[in-house]
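Below is one structure, written out as structure tokens, with a few remarks after it.
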Amino acid sequence: MEQVEQTEEQVADIETQAEPEKTFTQADIDAMKTEWDRQLKETQTALQQQTVQHAFYRKATEQGVADADKLLQYVNLSSVTFDESGQPQGIDEIIAALTSVVGRPKVVEPKIVGGPSNFPPQDRSPQAMLDEAAELARRTGRPEHLAAYSTLRQKLFGGK
């Protein structure tokens, strides 16, 4: 018990030996306020820049820009303003100007792997496909060819 009392006394002594309470002059308060105002303005500016970048990325992606991050490196967003609700204004015009100069990206059709690559596509009529399947089924008489003919007939003509 005696050690606990000593420890409490030591803590009390340390607390009383702590630095005396500091008093601030008006000049100190003005300097701190100026510093805090500067930090607030820097933070608000950084937040606005980040908001503009996010809005640009979102709208560019919505309008079909393939790589909005790369495009953002080359775009000057300093003309973007904010409305009363804090939303950035003017991004749509920037994206419209860019797409009118560069044009819309062309959609590249994927190449089918394993299919014919240099042959012209065969545009056969449904009746021609059905006639070929019927001829194959009649000639071979195999059940799988008969089933393929029947399935094709139902798929193309509803089983008539």
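The values are calculated or read from the model by the stated rules, or taken from the named source; none is laboratory data. Predicted model, so just to flag it, every value in this text is computed and none were measured. For neighbour counting, all protein chains shown are included, and Cβ atoms are generated from backbone atoms with ideal geometry for every residue, glycine included. What goes into the accessible areas is simple: the full protein's heavy atoms, side chains included, and nothing from ligands, DNA or RNA. Shrake-Rupley method; radii C 1.70, N 1.55, O 1.52, S 1.80 Å.
All told, Val52 falls short of being at pLDDT below 75, open to solvent by less than 80 Å² (accessible area, probe 1.4 Å) and in a helix (DSSP H, G or I). Just a yes or no: is a residue in segment 111-121 surrounded by 11 or more Cβ atoms within 10 Å (Cβ to Cβ), at pLDDT below 85 and not β-branched (Val, Ile, Thr)? No, there is no match, as no residue in segment 111-121 is surrounded by 11 or more Cβ atoms within 10 Å (Cβ to Cβ), at pLDDT below 85 and not β-branched (Val, Ile, Thr).
Selection within segment 122-143: residues that are modelled with pLDDT of 70 or more and assigned to a loop (DSSP other than H, G, I, E, B). The member of this set that is nearest to the chain's Cα centre (by Cα) is Asp123.
Screening Ala97 on (1) open to solvent by 90 Å² or more (accessible area, probe 1.4 Å); (2) modelled with pLDDT under 80; (3) in a helix (DSSP H, G or I) shows it passes everything except condition (1). Scanning for something among the charged types (D, E, K, R), over 30 Å from Lys111 (Cα atoms) and surrounded by 12 or more Cβ atoms within 10 Å (Cβ to Cβ), does segment 141-148 turn up at least one residue? No, the conditions are met nowhere in segment 141-148.
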